[in-house]
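J.: My questions all concern the structure below.
The values are calculated or read from the model by the stated rules, or taken from the named source; none is laboratory data. Being a predicted model, the structure only gives us computed values, none of them experimental. Note: ideal-geometry Cβ built from the backbone for every residue, glycine included; neighbour counts use all protein chains shown.
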Amino acid sequence: RTWPYQMLLDERDHVSYPDATETDDGRILIVYDRERYAAREILLAAVTEEDIMAGHCVSGQCLLKTVINQASG
């Protein structure tokens, strides 16, 4: 059975390789990369089921496009 809700986490081009986990308090943490050979960013999104059902951030816990690492060189 498919869950009928969806939410766009990052509208920019060249984002990929998401990995997600759910915390004990129900938040869904998603880590992904953007522009692996240019921007070289690793980003974090934190959402709730409520956010996903609304299709955008509605909870006070929502966090999108947060850079958590950027490669140098």
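J.: What are the pairs with Cβ atoms under 6 angstrom where one residue, in the stretch 6-32, is at positive phi and the other, located anywhere, is of a type in the set (V, I, T) and modelled with pLDDT under 95? Sequence gap at least six, or different chains.
T.: Within 6 Å, no pair qualifies.
J.: Here's something else I'd like to know. Please go through the stretch 1-60 and give me each residue that is of a type in the set (F, W, Y) and either surrounded by 10 or more Cβ atoms within 10 Å (Cβ to Cβ) or at pLDDT 95 or above (or both), ordered by number.
T.: Residues satisfying the conditions are Y5, Y17, Y32.
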